Each structure stands twice: as C-alpha cells, then as structure tokens.
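To start, the structure itself, in structure tokens.
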Amino acid sequence: CLFPTAATWVGGAFIIGVAEFVYDPTKGLIWALLPLQMSLSFVIGVTVSIFSDLPLSLCIWISAAVAIIYTVLGGLYSVAYTDVVQLLLVFCSLWLCAPFVLASDVYTDIIQTTANHTYQAPWFGHIESDQVWTWVDNFLVMSLGNLAFQDFHQRTLSSSSTSTARLICFIAAGVVIVLGIPPMLIGAVAASTDWNMTTYGSPSPYERGEAAMVLPIILLHLTPTAVFVIGMGAIAGAAMSSTDSCLLAATSIFTTSIYKSIRHQASDRELQWVIRFSIVILGILGTSLTHLDDNIMTFWILSSDLTYTIMLPQLICVLFIRVSNSYGAVVGFIVAFVMRVLCGEPVFNLPVILHFPGCTLEDGVYVQRSPFKTICMLSALVSIPMFSYVASLLFNRGILPERWDVFKVKPQGAPTPEDDARECDEPMLDTDC
C-alpha cells in the first residue's frame, strides 16, 4: 500500500505545479506549498504538447482518454499495480534529470538568485503584508483539505492493520518531500536562466504565458534528448497515478452512496457497470474544466479548497462529535457551499458578493484578503453540531412528530462505554475493531 499511497499524493500537479510556482516571478518558492495529493487529467496533456505540434486541448483529451480507458478496464487492480511502476519511474527519472539541468551553463547560480533580481524576481518569492492571511489560508487548505479525499482513505483502509496504515502514511509523507526537491530545483533554474542562451529564446516562458509548462520546457532545452524523454516519462507516470485514483474514488462513492441507496436490489454486476459508466462521464466532465484556466496550481488548490470548506467539517464531525447527525450534515453542506460561492471564484468567474474584512477592489474586481476559506470551513463546522443537536432535541422530546424524522435520528439504543473506549490493532476490516 506504500506505493499507491505515495502515488496518490505525488501527481502531475505535484511535479509541474511546484516547478511552475518556484519559477513564477509573482509567486516563488514560498508560495509553492508542500503538495499532498490531487491532480487532474489535463496535466499530462501539457506534457504531450511539448513533443508535437498538436493543439494543447487535443493533447489533453488524448491523455484523458488513456487514463479513462485503462481505469474502466482494470479498476482497482490497474490503479494499484500501475502505481508501483509509476512511482518508481517518477523517483528515478526526476533525480536523474535534476543533475543534467544543474550542469547546464545557461543560468546564474540559484543561490545568488534566491534573493537577487537577475533575469526576473527572486525565485524564493515574498509575501506582502496584505497577503499573509491568503498564504495562511492556502497553507491550511493544502495541508488539511486533502485529509477529506476519499482516495487517500481508500489506501489507508486497505492496510492490514492500523499500525501499518500509520507507518505507510509517515513513509509516504517523507517520499513526497524527497520527490518535491527535483522540481523545486528545476523551477529555481528556470527562474535563473538567460533564455537568450537557449534554443527556446526570448521572451521567457512566463512572458509567453507558458509558465505552467516550464518543467518540460527546461528539460527540452537544457538536457540531452534521452534525458528529456525520461523526464517526460516521469511526468506522465505521475499524472496517470493520480488521475486513475481520483476517477475510481469519486465513482465508487457515487455508486455505493447514491446509486445503491436508490436501487437497493442492484446486483454486483450492475454496480460494476455503473462505476465504469461513471468513470467515463466524470473523466469527460473533469477534462472539460481544463478549458477554464491553464494554471496547474489553480485547479490543484481549487480541488483542495472544496474538500477543505465542504468535506473536512463533515469528516471531523463524523469522527469526533457524537451529537452530529444527518440533519446537521445537510445544513453544514448548504452553509459551506453557499458561503464559498458568495466569496467568489475567478476560475468560474464568480464575483465576490460576501465581503470579509480586507476585501479590496483591484482592477475593477474585488479580491478577498482575509482567510475566507477557513471562515467558510469553520462556519460549517459550527453549524453541523448545532443543527444536529436542535434536530435531535426536537424529535427526542416529541416537539416534532416521529414520522417527519426522515433520517431516523431518534436513538434506538445507547452504546456501552466499552464501545467508545476500545482501541485495538486488529485488521482494519475486522468489525470487532
């Protein structure tokens, strides 16, 4: 389970996104928050376009089709077995490419350009005083929001025991950090490169609007062809390792939590076909979103944003707040969703309607400067137990008739203290644990 777990975190967005943010003169290393997981199928489209003259959009759809097809045909087995090969490919390829990039003579010493303006702003980056809360908000989103992703728990729950699951998580976290070093160095080199000395020429990738592709561009123009091909293999493997996981996880949730609750009599074969059909639909919809923005990290943060504001409060309440019930969960979802929409989102051209302190008008557009994502999350976290308690009180005291209790929150029996106190290291799927 170690390889699938680490591969879930190390996606195409991890590799390309870290290099992109380190290179981006408006961001820098300080904004390249430590990635945990989640990348979209459009990442490998980006890499294929470097090889050929095909339009980027066509490359995206071709790459997405590959991921969708082998996930439909192979299911969990294709995800698990390919993750082993993909992660080994990523690890070896990235650390092989990095020395060749560093050995080139077209860039200024990256230590010198850490804080000095040479060809562009220092690659370490900086945070303005009015951006502090935005940085904190994004850091919490990336570090905590990913805890609610189903594909992560799909890995841990498949472990043989709780101790094994813990060990795998710690090791995978270390692997993520190790794999984050090469793209960081490559991004730093890109920020320190005199592009006039390369076959790429001027203007720079950032000025051409190609900052999202800076990693494959660096590999193409600063390394031998053989090394470039190996590096592309690493990016392709990373992208696929996360794409198939996300597709399978999302469709499994839909099939078991929604479809099966509607069709109780559905056979296992029927559920398998529903999962396959859902993979195709979800893959097409997810790929279609890539036309909204060409920034890798934008979609990465946005996906974690949704899990952080909407799903994380639900997870916390289910695990740690006993009073929580379905009524509170519904209210919490509505509160988080409505508040997040009202806070605005540039990717979907949603204007800022709910103005928090620090919201400023920049170039005719309102920009939030407060940690509004965390505010939305905390609002949902408070709403869930509060409305759960109110609903439970209304039904348990007979204020509302029991026939209205569609979620059946009225207790049928009290749990014993032993049920809450027991903790064991038995197999994860053992019902006695």
Hey, what does the equivalent ellipsoid look like for region 121-190, semi-axes from the Cα gyration tensor as sqrt of 5 times each eigenvalue, largest first, whole Å? 31, 18, 9
In nanometres, the difference between 0.36 nm per residue of separation and the alpha-carbon distance of ARG269 and VAL341 is 22.1 nm
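Under 9 Å from the Cβ of THR309, count the other residues' Cβ atoms, weight Lys and Arg +1, Asp and Glu -1, and hand me the total.
Details: positive: ARG340, LYS373; negative: ASP305.
So the environment of THR309 carries a net charge of +1.
None of the figures in this text is laboratory data; all of them are computed from the coordinates on show. The structure presented is a predicted model; accordingly, all values stated were derived computationally and were not measured. So basically every Cβ, Gly included, is an ideal-geometry build from the backbone, and we count neighbours across all protein chains shown.
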